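First up is the structure itself, then whatever we jot down about it.
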Amino acid sequence: MRTKRFAIPLALAFSFFAAMLLPAQTAGPAVLTIHPDQTASKVSPTLYGLMTEEINHSYDGGLYAELIRNGTFRADWSGVNDWILVEDGASSAKISLDRHTGPSQALPHSLRIDVTQATASSPAGVLNGGYWGIPLRPNITYQGSFYAKEDSGDTGPVTASLVADQSGKVLASAVVSGIGTDWKQYKFALKTAAIAPSLQNHLVLTVAHPGSLWLNLVSLFPPTYHDRANGNRIDLMEKLAAMHPQFLRFPGGNYLEGDHLADWYDWKKTIGPRVDRPGHPSPWRYWSTDGLGLLEFFEWCEDLHMQPVLAVYAGYSLMHEHIDPGPALDPYVQSGLEEIEYATGGSDTKWGAQRAADGHPQPFHITYVEIGNEDWFDTSGSYDARYAQFYKAIKAKYPDLQLIATAPIKSMTPDVLDEHYYLRATDFFHDATHYDKTDRNGPKIFVGEWATREGTPTPNMGAALGDAAWMTGLERNSDIIVMASYAPLLVNISPNAMQWDTDLIGYDALRSYGSPSYYAQVMFGSYVGDQTPASSVEGAGPRFFYSVTEDSAKKRFYVKLVNATSDPQAVDINLPGASLAPEGKLITLTGHNPEATNTIDQPTAVVPVESGLHGVSSSLHHRVPAYTIEVMELDVR
C-alpha cells in the first residue's frame, strides 16, 4: 500500500516514554476565568475549512455523483475494466477496445460490440456495476447518456436498463433510438418505482439485432446537490455544509503534483464538456476521470459559500522530479497565471471568456493561491527559487492575492506558510500549545492538512479528543492561523477503495456517516466567534483543554471544553463583570471509551447532544464527563 507523504517537525516527535509520564488527573475543580472586557486576539473569519484531493475514491466513486465506473472504457492486459459482456438466451457477441475511433480528440478510443446473433427476447450488450454497486432509491429519475455510433444502422435501438443483482428484475428501462453511423451523444432517463433502497444493482446496455455498435462516455447521474448538471452527491454535500466550512483548498495534496512531471494537474484538460476531458492518473493508483474538474471545484465553493483556496502546480512531482527555476519553469508560471484568469477574469479576457463559455459568466473571487504542495520533500532545494518566480509573476498581475508557500522560504517572507501535522492523540494533547509562542512577525500560518490518526477507516472518539484538543490551540492562536483544514476528508469504505485510513466521512455507494472527529469539526465550525477574550485556567488536569471565542455582533460567548481522561472534570467558570442571560445552550459529544466510534451500519453511536443550560450567571459550576467534547453557548444581556 502506498504511504502518503507528510511532514512532522522534529519538535513534535514525542516519545512513548514521555507520554507515560503524564501525571494523573487532578481531583479538584478547574477554575476557568474569562475576562469579557479584555480582547486577547481576533479570530480569522476563514479559520475552519475543507481540504480535498482524489484519494480513497473521494471524487470518482465518492462526492462526484457519476454512477458509472470507467465510462470511457479504459483497458489493461485483462480487457476493458469494469464492463462485462451480456449474451442473453441464444444471443452471441464479443467486445473489444477499438483504439482507432472515438467521439473526441481527448477520447480517441471506444468499446466495440460485435453482435452476430440477437433478438428482442435474447439481446446482447454490456453491463456495468458502478462503484461497488449502483445505488437506487424509490421513485427517482436517473439521467443517463452515452456517445455511440453503428456500422450501418442495422443494430437498431439500444435499451438501457437498471437491473437488481440478486433477482435479475428490471427496475427501470428506456429505449434509445436513432443511432447513426457518426459519433453523437444520446440521452435517456430511467425512473424507478416504489422499490426498496439498494446498492446491489447494475446498468445494462443491449441491442436486439446483429451488427456493430461503438460506445464511449457512458454516464448515469442521480439527482445532485442544488440540481447541478455534472454535480455532486447530495448526502455528502449536506454533511460538508453542516461543518460550516469557510474555504475549500483544491485540487489539493498529491493530486496536484502527480507521481511524475507528466502527471501534474493540468487544469486546462479538466474544463469544458466531459467528452473533451481525457482524465489523468491519480497518485493513489487509480484513474481520475476529471469529471469533477476545475470549474466544478469553484461551483462546489459557490454551493457551500466557501472561499476558494486555489493551488497551482509549481514544478515538483512526487517521485522527486522537478523543473529548474528559470526559463524551464516559465510555462508552468504562465499556466498558473492563466488558471487565475480563468477563475477571476472578466469575459473580456481570454480565459475569463472560456469560463463564461463553459457556463459560468460571473467571475469567482480569490484571496489565497497556494504555490505547489508539500515542497519540503523536494531534496533539490529548488523550491525557494521556484516560489519566488511564481510570487513575482503573480504579484505583478494580481498584487492583492495572498500567496501560500508549502515549505519554509529563506529568500523572502511568504504571505502564508502551509504546515501539515498527522499525529496520535497523545502527541496532540502535548502539542495543543504549539502556536502559543509563534513569532507574530513571521508569515501567517495555514494548517492545510492535519488529523489525529487513530481509528480505521474513520476516526474513533479518542481521535476526536485529540482533534478537539488541537483545535482549542488553533482558536486561541487564530490571529496567526488564518486557515486550518482536516485531511483526508472522505473515504469510500468498500473493499479496496481506501488508500489512507483515519478519514473524516465514510460512505459506500448508498449510505454515508460522520465519524466522531467529523462531529467535533461540526461543533467547532458551528460555534466560533470573531474574537477571543483574555482567559486562563488553573487546577485543570493535563488532558483538559479549552478555548473561548466571542461573537461581538451577537454578544455571545462560545466556551469549548475538552476532557480527554477517563474521569469527569469539574470546572468553575467565572466571567467577572458579565451579565449573562439565565438560559444557555450546551452541546455534548461523549464516547464511553476512546474506541467508541461510528460505522456505516451504526452511524449515530457517537453524535452531539444538545441540551439547555439553566440558571446561568457570571459564576457557574460545571462537570465535564469523561471522554467528552462540549460547547457552551452563553449570551450577554
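The values are calculated or read from the model by the stated rules, or taken from the named source; none is laboratory data. Quick caveat: nothing in here was measured; it's all calculated off a predicted structure. Glycine also receives a Cβ, built like all others from the backbone with ideal geometry; neighbour counts cover every protein chain displayed.
Being buried (at least 20 other Cβ atoms within 10 Å of the Cβ), part of a strand (DSSP E or B) and at pLDDT 95 or above: is that true of F446 here? Show your work before the answer.
Working: buried (at least 20 other Cβ atoms within 10 Å of the Cβ): yes; part of a strand (DSSP E or B): yes; at pLDDT 95 or above: yes.
So F446 passes the test.
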Scan of the range 141-156 for residues that are crowded, with 16+ Cβ neighbours inside 10 Å and either more than 29 Å from the chain's Cα centre (by Cα) or assigned to a loop (DSSP other than H, G, I, E, B) (or both), ordered by number: Y147, A148, K149, E150, T155, G156
Output the number of residues of the range 389-436 satisfying the condition of being part of a strand (DSSP E or B) and among the aliphatic types (A, V, I, L, M). 6
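Which strands (runs of 3 or more DSSP E) does the range 43-125 wholly contain that include 3 or more residues that are β-branched (V, I, T)? Talk me through it step by step, then tell me what you get.
Details: elements: 48-51, 83-87, 92-98, 110-117.
Because the criterion is at least 3 residues that are β-branched (V, I, T), the strands (runs of 3 or more DSSP E) in the range 43-125 that meet it are 110-117.
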Restricting to the range 430-443, and then to whatever is touching a residue at least 40 places away in the same chain (Cβ under 8 Å) and not β-branched (V, I, T), can you tell me which residue is surrounded by the most Cβ atoms within 10 Å (Cβ to Cβ)? A432
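How many residues does the range 260-272 contain that are more than 16 Å from A314 (Cβ to Cβ) and touching a residue at least 60 places away in the same chain (Cβ under 8 Å)?
Looking only at that region, the number is 4.
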Which residues, taken from the range 397-421, are farther than 14 Å from V369 by Cα and surrounded by fewer than 18 Cβ atoms within 10 Å (Cβ to Cβ)? P408, K410, S411, M412, T413
Selection from the range 579-612 of residues that are of a type in the set (A, V, I, L, M, F, W, C), buried (at least 17 other Cβ atoms within 10 Å of the Cβ) and more than 20 Å from A564 (Cα to Cα): L580
Condition first: acidic (D, E) and under 23 Å from the mean Cα position of the chain (by Cα). Now tell me which residues in the range 337-381 satisfy that. E339, E370, E374, D375
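Find the residue count for the range 298-312, including only residues that are under 14 Å from T344 (Cβ atoms) and assigned to a helix (DSSP H, G or I). So that I can check it myself, show each step before the final result.
As a first pass, look at the range 298-312 and keep what is under 14 Å from T344 (Cβ atoms): 298, 301-302, 307-310, 312.
Of the ones still in play, those that are also assigned to a helix (DSSP H, G or I) are 298, 301-302.
So the count comes out to 3.
Conditions tested, residue by residue: (1) surrounded by 20 or more Cβ atoms within 10 Å (Cβ to Cβ); (2) in contact (Cβ under 8 Å) with a residue 60 or more places away in the chain; (3) over 20 Å from N70 (Cβ atoms).
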{"residue": "A174", "(1), (2), (3)": "no, no, yes"}
{"residue": "Q185", "(1), (2), (3)": "no, yes, no"}
{"residue": "A194", "(1), (2), (3)": "no, no, yes"}
{"residue": "N216", "(1), (2), (3)": "yes, yes, no"}
{"residue": "T224", "(1), (2), (3)": "no, yes, yes"}
From the list S618, S611, pick out the single residue that is under 18 Å from L32 (Cβ atoms) and among the small types (G, A, S). S618
With the requirement that a residue be surrounded by 22 or more Cβ atoms within 10 Å (Cβ to Cβ) and without any contact (Cβ under 8 Å) to a residue 60 or more places away in the chain, what does the range 464-497 give you? D467, W470
Test: E338 is surrounded by fewer than 19 Cβ atoms within 10 Å (Cβ to Cβ), closer than 22 Å to E302 by Cα and modelled with pLDDT of 95 or more: yes
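What tally of residues in the range 565-590 results from selecting those that are in contact with a strand residue (DSSP E or B) (Cβ under 8 Å, 6 or more places away or on another chain) and not in a strand (DSSP E or B)? Lay out the reasoning, then the answer.
Here is the first cut: in the range 565-590, the residues in contact with a strand residue (DSSP E or B) (Cβ under 8 Å, 6 or more places away or on another chain) are 565, 568-581, 583-590.
Now restrict to residues that are not in a strand (DSSP E or B): 565, 568, 575-579, 581, 583.
So the answer is 9.
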Is there a residue being over 21 Å from V369 (Cβ atoms), in contact with an Asp or Glu (Cβ under 7 Å, 6 or more places away or on another chain) and β-branched (V, I, T) anywhere in the range 300-312? no
Flagged in the range 613-625 as of a type outside the set (D, E, K, R) and surrounded by fewer than 17 Cβ atoms within 10 Å (Cβ to Cβ), in numbering order, are H614, G615, S617, S618, S619, H621, P625
Condition first: aromatic (F, W, Y), farther than 30 Å from R511 by Cβ and either crowded, with 17+ Cβ neighbours inside 10 Å or modelled with pLDDT under 95 (or both). Can you find one or more residues in the range 117-140 that meet it? no
